[in-house]
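In what follows, a single structure is set out as structure tokens and then discussed.
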Amino acid sequence: MPDTTNRLKDMKNKSWFDTRSRDPYYRRAKKEGYRSRAAYKLEQLDSKYRILKRGSSVIDLGAAPGGWLQYASRKVGAKGTVLGVDKKEIEPLPASNVATLRADITDPSTIEKIRKQVDQADVLLVDLSPNVSGVWEVDVARQVELNLSALGVAERVLRKGGKMALKIFEGKDSWRIKTALESSFSRVNLFKPPASRKKSSEIYAICEGFGVLSVSANSS
């Protein structure tokens, strides 16, 4: 019985590696030096909605392993700053405008740790995922709670009129975070970048005008 279980596990792992090796975004990331294929999701979001500008102050929540940090660092340039926050250790990047913080955003003390490094940000990037249980509705509910914690960070560190890009797992409870975003930003657009896998139920909310009235929501 253990041998059969191990063989099935090996076959599953081989299938995963084979799929990844055929992924054009994975191959491109390896070639261009990005730490993850997720960098192209941010590139596509930024290309469509112009989230990042030269000189911007950016906070990236759920930043490990650092693909979004790499892209954001290049876009904001030497006069901009990027702070990456994650529970996992983030290997340092060779960029003078990037700093990292190992912290859990669900811990109330994390906000003060962030504010010691960034008093006010222009952009908040949120690419958070829970430990996946395999039960989709449970995972959606957990991801909603993570996103609500991220919105709590925004309320303390994002400047008025600031922007946020945030990953959402689509499911029964995802309306909760969408409603919260629409109450906090003047415009919320929903978009699935081409780099997201077709089978994935993730979508991104691109939010503009933090703390500004006249709320609207659109899907693309």
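One residue stands out among those in region 182-207 that are in a helix (DSSP H, G or I) and polar (S, T, N, Q): the one that is farthest from MET164 (Cα to Cα), which is SER183.
Quick check on my filter: what residues within region 51-74 are closer than 23 Å to ALA103 by Cα and of a type in the set (A, V, I, L, M, F, W, C)? First the steps, then the outcome.
First, the residues of region 51-74 that are closer than 23 Å to ALA103 by Cα: 56-73.
Matches in region 51-74: VAL58, ILE59, LEU61, ALA63, ALA64, TRP68, LEU69, ALA72.
Can you pull out every residue in region 62-76 that is of a type in the set (Gly, Ala, Ser), under 20 Å from SER149 (Cα atoms) and crowded, with 23+ Cβ neighbours inside 10 Å? Correct list: ALA63 only. Residue count for region 145-168, restricted to those that are in contact (Cβ under 8 Å) with a residue 40 or more places away in the chain and part of a strand (DSSP E or B): 10. Determine whether GLU137 is exposed (fewer than 14 other Cβ atoms within 10 Å of the Cβ) and not in a loop (DSSP other than H, G, I, E, B). So GLU137 fits the description; yes.
Condition check ((1) over 17 Å from the mean Cα position of the chain (by Cα); (2) closer than 15 Å to SER201 by Cα) across all residues:
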| residue | (1), (2) |
| --- | --- |
| VAL126 | no, no |
| PRO130 | no, yes |
| TRP136 | yes, yes |
| ASP139 | no, yes |
| ASN147 | no, no |
| LEU151 | no, no |
| ALA154 | no, no |
| GLY161 | yes, no |
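Each value in this text was obtained by applying a stated rule to the coordinates, not by laboratory testing. Please read these numbers as outputs of a predicted model, since none were measured by experiment. Heads up, the Cβs are rebuilt from the backbone with ideal geometry, glycines too, and the neighbour counts pull from every protein chain shown.
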